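Each remark here refers to the structure printed beneath this line.
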Amino acid sequence: MKYTACLFLFLFSIFIYPTDEKNMNNPFFKEWTTPFKTPPFNEIKSEHYLPAFAEGILRQNAETDLIVDNKEKPTFKNTIEALEKSGELLRTASAVFFNLNAANTNDTMQEIARKAAPMLSRHSDEINLNVKLFERVKYIYDMRDKLDLTTEQKTVLSNYYSDFIRGGVNLNPEEKERLKKINSELALLGIKFSENILKETNSCALVIDKKEDLAGLPDPIIKEASIKAEEKGFPGKWAFTLQKTSLTPFLQYSQNRELREKIYKAYISRGNNNDESDNKKIVARTAVLRLKKANLLGYKTYANFALEKRMAKNPETVYDFMGKLMKPALKRAKTEIAEMQEIINKEGNTFKLQAWDWTYYAEKLKKEKYDLDEEMLRPYLKLENVRAGAFAVANKLYGLQFVERTDIQVYQPDVKVFEVKEADGKHVGILYLDYFPRDGKETGAWCNGFRSQSNIDGVFVTPIVYNVANLAKPTADKPSLLNFEEATTIFHEFGHAIHALVSNITYPDGAGRIPVDFVELPSQVLENWASDPEVIKMYAKHYKTGETMPEKLIDKIENARLFNQGFECTELFAASLLDMDWHTITDTIPKDVNEFEKASIDKMGLIPEIAPRYQSTNFRHIFNDDEYAAGYYGYTWAQVLDADVFQAFKSKGDLFDQKLAASFRYDLLAKQGSDDPMNLYKKFMGREPQIDALLRKKGLE
């Protein structure tokens with residue numbers, strides 16, 4: 001096989017990472033004796049990653065050589081299953097590094113990422129472009145109907161086969177070299193894009209030195225801004241960053257329209273300021289390279305390439321789907337504008353509502369229509385109580401228990417760890433919760449894992465999962481108090497975690513691949529429980545008195561359920577369409593990214609009062625890596641599924657119907673990607689999804 005490549009990497013590891021006492025103490029080269037073999041974060045240092053990557057590549061190459069050189073006829077066990085077993089060291093080191101690089105990075109980690117990206121990209125290409133290895137996979141694939149394979153094994157086999165085809169194995173030598181260069185450059189561009197956004201998000205977008213400029217802001221927000229100013233070197237002032245915990249309250253409550261405009265424009269201009277953190281060239285180059293890659297592999301556009309493995313299958317389906325939703329969403333948004341403009345006029349103002357006014361006047365409108373504002377809810381949404389509510393829902397649905405563990409190492413002091421158990425006490429997995437912002441953490445919220453569940457050769461490996469968010473930190477006199485959107489975010493990411501924790505598949509690499517237009521179902525469906533009055537009573541307790549949120553306040557939340565849905569849907573749909581436009585380019589890549597974005601916005605008929613949820617230069621979902629590229633529509637696609645599923649529970653008259661919950665867990669969640677997602681969905685629901693439930697849920701009928 002690739003003995004030359006293996007020899008190069010072996011020599012590379014000797015000269016760059018000599019075998020000395022320091023490397024012998026590398027925790028990645030030892031068996032972990034921690035509880036449940038969790039990562040020994042106290043031992044892992046920055047200098048351990050690159051040697052682990054190099055050694056991991058060496059080992060997986062050797063493992064792949066053994067598969068190729070096997071003189072026996074190719075079988076599922078000696079080829080596909082052997083591939084599943086290969087690369088354990090590389091998989092482990094990569095999981096720890098890239099998760100920490102997202103949640104707790106620094107200059108050293110970012111430098112390692114830049115060095116590792118081309119190395120790992122090259123290694124992945126060497127496997128995908130290995131003709132002899134592919135021949136073994138193809139032999140089994142061609143014989144698949146004559147083999148006694150399970151549904152999961154057929155899915156795994158099909159995934160591996162398509163990986164080789166889509167990875168370029170049938171290209172000629174010159175084309176393969178071009179593909180390698182494209183993949184390597186794309187990996188580096190994604191890392192740089194993310195670094196730039198992190199830098200700009202953490203910067204002080206607004207420093208206030210006059211107390212009168214704080215008018216309208218709640219006292220806790222003012223206090224947090226004072227603390228942030230002290231941290232950033234502005235003692236005696238108030239600093240606001242572009243982190244949502246700082247940005248959103250300012251836009252919600254600040255009476256200073258000029259300052260609202262300033263911080264809003266700073267937010268939407270991230271990566272678009274013609275400075276060292278500018279992302280326009282990265283965006284354009286990424287679009288060029290993705291198109292070239294798609295064309296090289298025989299696809300008209302990158303969207304055609306990406307969507308082939310997703311539920312939507314092609315760009316036409318996505319555009320048709322989004323088009324049906326965008327029209328009613330815009331109609332509703334225009335109604336919302338008229339209502340807010342009326343408030344502006346009543347106040348004696350003559351200006352027309354602008355994008356930076358929306359959050360401020362939406363808050364006023366909600367107060368006027370429903371006698372409800374976020375500050376009324378916040379005292380009842382203590383972080384620990386919301387978390388306990390999410391745990392309670394999982395317990396009532398699936399019998400899962402969550403036991404805090406203080407004997408398991410964490411990568412940062414704020415992180416909490418929980419052992420997850422079945423109702424009978426059987427160990428299920430480990431869950432890390434990392435909820436507070438820091439300069440080394442990317443924005444937003446997400447779920448990932450340090451170890452996937454597997455069951456090869458009957459050895460059941462339990463998952464290690466983590467949830468990440470950026471929520472308000474507790475202060476000396478107050479715990480972390482959330483707004484309702486943040487509470488919902490906890491449930492959302494927890495839904496992803498549950499999906500990973502209850503996994504019951506055999507082959508994690510081959511069967512654990514879940515398309516983005518399906519993977520958001522388990523997360524988004526749990527949001528429905530978060531906002532249901534029955535569940536709100538379970539977790540909404542006043543942080544001082546312990547009193548349950550009053551019925552009247554819960555009624556107000558329910559009455560305001562459809563509030564601002566025009567805006568929320570429109571900004572989401574607009575971002576999805578912008579993503580699709582970038583990835584359906586067929587020939588000419590525009591030199592001016594801003595002009596391209598404007599043309600996209602004009603084409604979709606977006607109104608100026610609403611911007612896409614993300615702009616091209618800060619759209620990390622689609623330009624950081626390729627997981628959501630041409631796939632951001634997946635959030636909306638999955639909303640159809642989640643609305644449909646939750647309606648099934650509602651129709652039972654019991655949100656915790658045990659028979660339905662068991663089916664949802666074992667027939668859908670536990671199966672991961674071991675079968676076609678639509679097959680899993682239909683097995684649970686008994687039919688294909690219906691868009692009507694989403695239209696009703698969003699008030700877009």
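Inspection of segment 277-285 identifies no residue that is at pLDDT below 95, small (Gly, Ala, Ser) and part of a helix (DSSP H, G or I).
Figure legend. Inter-residue proximity from segment 233-245: first residues crowded, with 17+ Cβ neighbours inside 10 Å, second residues in a helix (DSSP H, G or I) and of a type in the set (Phe, Trp, Tyr), beta-carbon distance below 9 Å, spacing 6+ or different chains. Indicated pairs: PHE240/PHE250; LEU242/TYR267. A Cβ distance below 7 Å, combined with a sequence gap of six or more or placement on separate chains, defines the contacts here; from segment 141-152, residues that are over 21 Å from ILE165 (Cα atoms) reach residues that are modelled with pLDDT of 95 or more and aromatic (Phe, Trp, Tyr) in the pairs LEU147/PHE76; LEU149/PHE76. Inspection of segment 604-615 identifies at least one residue that is over 19 Å from the mean Cα position of the chain (by Cα) and part of a helix (DSSP H, G or I). Could you say whether any residue in segment 193-203 is farther than 30 Å from TYR435 by Cα, modelled with pLDDT of 95 or more and among the aromatic types (Phe, Trp, Tyr)? Scanning segment 193-203, I find no residue that is farther than 30 Å from TYR435 by Cα, modelled with pLDDT of 95 or more and among the aromatic types (Phe, Trp, Tyr), so the answer is no. On inspection, SER246 fails the criterion of being of a type outside the set (Asp, Glu) and within 19 Å of PHE193 (Cβ to Cβ). Across segment 500-557, the qualifying residues are those that are crowded, with 21+ Cβ neighbours inside 10 Å and among the aromatic types (Phe, Trp, Tyr), and the one among them that is farthest from LEU365 (Cα to Cα) is TYR507. Taking first residues from segment 195-214 that are farther than 17 Å from GLU261 by Cα and partners that are assigned to a helix (DSSP H, G or I), the Cβ contacts under 6 Å between residues at least 6 apart in sequence or on separate chains come to GLU195/GLN110; ILE197/ASN618; ILE197/ARG620.
Restricting TYR628, TYR635 to residues that are touching a His at 6+ places or on another chain (Cβ under 8 Å), within 25 Å of ILE505 (Cα to Cα) and of a type outside the set (Val, Ile, Thr) narrows the list to TYR628. Screening THR150 with (1) among the polar types (S, T, N, Q); (2) within 26 Å of the chain's Cα centre (by Cα); (3) surrounded by fewer than 20 Cβ atoms within 10 Å (Cβ to Cβ) gives one miss only, at (2). Checking each residue in segment 447-482 for being surrounded by fewer than 21 Cβ atoms within 10 Å (Cβ to Cβ), touching a strand residue (DSSP E or B) at 6+ places or on another chain (Cβ under 7 Å) and not polar (S, T, N, Q) picks out PHE450, VAL461, PRO479. Screening segment 618-641 for residues that are over 13 Å from SER194 (Cβ atoms) and of a type in the set (Val, Ile, Thr) and picking the one that is nearest to the chain's Cα centre (by Cα) gives THR636. Looking at segment 652-674, which of its residues are outside any helix (DSSP H, G or I) and either of a type in the set (Phe, Trp, Tyr) or surrounded by 16 or more Cβ atoms within 10 Å (Cβ to Cβ) (or both)? Result: LEU655, PHE656, ASP657, ALA670, LYS671, GLN672, GLY673, SER674. Filtering segment 513-544 down to residues that are part of a loop (DSSP other than H, G, I, E, B) and hydroxyl-bearing (Ser, Thr, Tyr), which residue is farthest from ASN448 (Cα to Cα)? Taking the candidates together, the pick is TYR543.
One residue stands out in segment 75-99 among those that are surrounded by 17 or more Cβ atoms within 10 Å (Cβ to Cβ) and hydroxyl-bearing (Ser, Thr, Tyr): the one that is farthest from PRO39 (Cα to Cα), namely THR79.
So is PHE193 over 30 Å from GLU276 (Cβ atoms), part of a helix (DSSP H, G or I) and touching a helix residue (DSSP H, G or I) at 6+ places or on another chain (Cβ under 7 Å) or not? It is false that PHE193 is over 30 Å from GLU276 (Cβ atoms), part of a helix (DSSP H, G or I) and touching a helix residue (DSSP H, G or I) at 6+ places or on another chain (Cβ under 7 Å).
Could you tell me whether segment 571-591 includes any residue that is buried (at least 20 other Cβ atoms within 10 Å of the Cβ), more than 20 Å from ARG310 (Cβ to Cβ), touching a residue at least 60 places away in the same chain (Cβ under 8 Å) and among the polar types (S, T, N, Q)? Among the residues of segment 571-591, not one is buried (at least 20 other Cβ atoms within 10 Å of the Cβ), more than 20 Å from ARG310 (Cβ to Cβ), touching a residue at least 60 places away in the same chain (Cβ under 8 Å) and among the polar types (S, T, N, Q), which makes the answer no. The set of residues in segment 45-74 that are among the small types (Gly, Ala, Ser) and either at pLDDT below 95 or surrounded by 17 or more Cβ atoms within 10 Å (Cβ to Cβ) (or both) comprises ALA52, ALA54, GLY56.
Yes or no, residue by residue, for (1) surrounded by fewer than 20 Cβ atoms within 10 Å (Cβ to Cβ); (2) in contact (Cβ under 8 Å) with a residue 12 or more places away in the chain:
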site	(1), (2)
VAL318	no, yes
LYS334	yes, yes
ALA338	yes, no
ASN345	yes, no
GLU368	yes, yes
ARG378	no, yes
VAL386	no, yes
VAL393	no, yes
TYR398	no, yes
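None of ASN295, ASN304 is within 19 Å of TYR633 (Cβ to Cβ), part of a helix (DSSP H, G or I) and not basic (Lys, Arg) except ASN304. Condition test on ILE263, is it in contact with a strand residue (DSSP E or B) (Cβ under 8 Å, 6 or more places away or on another chain) and either in contact (Cβ under 8 Å) with a residue 40 or more places away in the chain or basic (Lys, Arg) (or both)? Taking the combined requirement at face value, the residue satisfies it. Where helices (runs of 4 or more DSSP H) fall entirely within segment 16-121, those with at least 1 residues that are under 28 Å from TYR160 (Cβ atoms) and in contact with a strand residue (DSSP E or B) (Cβ under 6 Å, 6 or more places away or on another chain) are at 88-103. Kindly check whether there is at least one residue in segment 492-512 that is closer than 18 Å to ILE554 by Cα, outside any helix (DSSP H, G or I) and in contact with a strand residue (DSSP E or B) (Cβ under 9 Å, 6 or more places away or on another chain). No - not one qualifying residue is present in segment 492-512.
The values are calculated or read from the model by the stated rules, or taken from the named source; none is laboratory data. All values derive from a computational prediction rather than experimental measurement. Don't worry about glycine lacking a Cβ; one is built from the backbone with ideal geometry, like all the others, and counts go over all protein chains shown.
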